[in-house]
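The values are calculated or read from the model by the stated rules, or taken from the named source; none is laboratory data. What you see is a predicted model, and the numbers here were worked out from it, not measured in a lab. All Cβ positions, glycine included, derive from the backbone under ideal geometry; neighbour counts span all protein chains shown. Each accessible area value is taken on the protein alone, full model and side chains, heavy atoms only, with ligands, DNA and RNA left out. Shrake-Rupley method; radii C 1.70, N 1.55, O 1.52, S 1.80 Å.
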Amino acid sequence: MFVIGIAGGTGSGKTTFTDALVKEFNEYVTVIHHDNYYKVQDHLTYEERCKTNYDHPDSFDTELMIEHIKALKNGETIEEPVYDYTVHNRDKSKTITLNPTEILIIDGILILENKDLCDLMDMKIFVDTDADVRLGRRILRDMNERGRSLESVLTQYEATVKPMHDKFVEPSKKNADIVILEGGKNKAAIDLFSGYIREYIKNQK
């Protein structure tokens, strides 16, 4: 299994970049999302969960994600957790079944910040996009997909998203093997990596 880590700030286009590779290779690619590994917060009230800093590395159950990645690399099927953003807690009634394939993509803003995660990756990619563009994309996503108000999105961005990006996400770029500009809009980069993956899959047959 060839493991690719794709990181970058919120709204950078890393998921669009990932989706382009998945569309190209489909059954040869499995994607595991760090966002689904936020910690269970049953011990907190909804109001307390709303105040959690979700952009800090400690908000993730990264140890569980590492266990799942190792299992996939060993040829095992895993049940990826599902996170419900509307209640800020893990949805324990659902999981996503992930099967091992030739290519595993790890997607997340903070995956290059964690050394143990990095050690599991064969290729580390950081998607770099202008901060204003990233903020605009986050506003649209959180309002349209997660039922957030504009005020709540901007408040969270100012309080935790930007400070944590500056403290953890941006410095993790130094751990990347390759930095890609504009993510999913960078067709040349998509074509380049598609060719690399295509050659890898061909050599596995």
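Please tell me if ASP122 is in contact with a Leu (Cβ under 6 Å, 6 or more places away or on another chain) and open to solvent by 30 Å² or more (accessible area, probe 1.4 Å). Steps first, please.
On the way: in contact with a Leu (Cβ under 6 Å, 6 or more places away or on another chain): no; open to solvent by 30 Å² or more (accessible area, probe 1.4 Å): yes.
So ASP122 does not fit the description; no.
Test GLU170 against the stated conditions and say whether it is part of a helix (DSSP H, G or I), in contact (Cβ under 8 Å) with a residue 12 or more places away in the chain and not polar (S, T, N, Q). Yes: the conditions hold for GLU170. Tallying residues that are surrounded by fewer than 17 Cβ atoms within 10 Å (Cβ to Cβ) and either within 19 Å of MET1 (Cβ to Cβ) or free of Cβ contacts under 8 Å to residues at least 40 places away in the same chain (or both) within the range 51-60 yields 2.
Taking every residue in the range 75-102 that is under 22 Å from ILE197 (Cβ atoms) and pairing it with any residue that is among the aromatic types (Phe, Trp, Tyr) and open to solvent by 50 Å² or more (accessible area, probe 1.4 Å), at least 6 positions away or on another chain, the pairs with Cβ-Cβ distances below 6 Å are THR101/TYR28; GLU102/TYR28.
Annotation: of all residues in the range 25-50 being over 19 Å from the mean Cα position of the chain (by Cα) and open to solvent by 80 Å² or more (accessible area, probe 1.4 Å), the one that is farthest from ASP91 (Cα to Cα) is GLU27. Open to solvent by 10 Å² or more (accessible area, probe 1.4 Å), farther than 25 Å from ARG90 by Cβ and touching a helix residue (DSSP H, G or I) at 6+ places or on another chain (Cβ under 9 Å): does that describe PHE17? In short, no. Pairs linking a residue in the range 143-166 that is free of Cβ contacts under 8 Å to residues at least 24 places away in the same chain and of a type outside the set (D, E, K, R) to a residue that is assigned to a loop (DSSP other than H, G, I, E, B) and loosely packed, with under 14 Cβ neighbours inside 10 Å, with Cβ atoms under 8 Å and 6 or more positions apart or on different chains, are MET143/SER149.
Among the residues of the range 167-189, those identified as farther than 12 Å from LEU112 by Cα and of a type in the set (D, E, K, R) are LYS167, GLU182, LYS185, LYS187.
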